[in-house]
């Protein structure tokens with residue numbers, strides 16, 4: 001019988017400690033506003049808004065192409081069930097890659113998913129690494145900006 005009481009006390013102590021730890025942990029939001037997302041990726045708010053504006057124009061073009069070529073996919077995009085980029089890929093429509101991270105729109109509010117921001121950062125990092133691999137000495141060292149060739 002004492003083993004059962006000790007087990008119950010231990011279980012209660014573990015549960016209490018777990019609750020205390022969880023209560024002290026800050027809850028990190030998964031969806032970020034413009035300013036939070038800009039801080040997260042290390043850019044200014046105007047930069048992230050400009051990227052979204054340019055991408056919105058591209059996505060509008062994609063959505064128009066979908067309306068002409070794939071009515072079912074256009075309906076899913078219009079209903080918000082499918083991202084235009086994914087729909088275009090499914091329909092085989094070529095489009096330029098988005099300049100900025102994906103965003104979600106809730107009425108007039110715009111939010112950025114942390115996972116999408118991480119993917120965008122990783123994609124940019126991969127692009128920079130590829131450029132460096134293809135151009136190991138760097139454009140600035142060869143004087144492309146100034147027109148001079150340096151050793």
Expected single match for at pLDDT 90 or above, exposed (fewer than 14 other Cβ atoms within 10 Å of the Cβ) and within 17 Å of residue 32 (Cβ to Cβ) among 115, 105 is 115
Scan the stretch 17-24 and tell me whether some residue there is within 21 Å of residue 127 (Cα to Cα) and at pLDDT below 90.
no
Being assigned to a helix (DSSP H, G or I), modelled with pLDDT under 80 and either surrounded by fewer than 17 Cβ atoms within 10 Å (Cβ to Cβ) or on the phi > 0 side of the Ramachandran plot (or both) is the requirement here; does residue 145 meet it?
no
Selection from the stretch 75-115 of residues over 16 Å from residue 56 (Cα atoms), assigned to a helix (DSSP H, G or I) and under 19 Å from the mean Cα position of the chain (by Cα) yields 89, 114, 115
Which of (1) within 20 Å of residue 58 (Cβ to Cβ); (2) at pLDDT 85 or above does residue 127 not meet, given it meets every other one?
(2)
Residue 10 - would you say it is touching a residue at least 12 places away in the same chain (Cβ under 8 Å), surrounded by 10 or more Cβ atoms within 10 Å (Cβ to Cβ) and part of a helix (DSSP H, G or I)?
no
Where residues in the stretch 25-43 are farther than 30 Å from residue 89 by Cβ and modelled with pLDDT of 90 or more, which of them is surrounded by the fewest Cβ atoms within 10 Å (Cβ to Cβ)?
35
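Residues checked against (1) touching a residue at least 60 places away in the same chain (Cβ under 8 Å); (2) in contact with a helix residue (DSSP H, G or I) (Cβ under 8 Å, 6 or more places away or on another chain); (3) part of a helix (DSSP H, G or I); (4) closer than 19 Å to residue 116 by Cβ:
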position	(1), (2), (3), (4)
21	no, no, yes, no
40	yes, yes, yes, yes
43	no, no, no, yes
73	no, yes, yes, no
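The values are calculated or read from the model by the stated rules, or taken from the named source; none is laboratory data. Keep in mind that this is a model prediction, so the values were computed, not measured. No Cβ is skipped: glycine too gets one built from the backbone with ideal geometry, and neighbour counts run over all protein chains shown.
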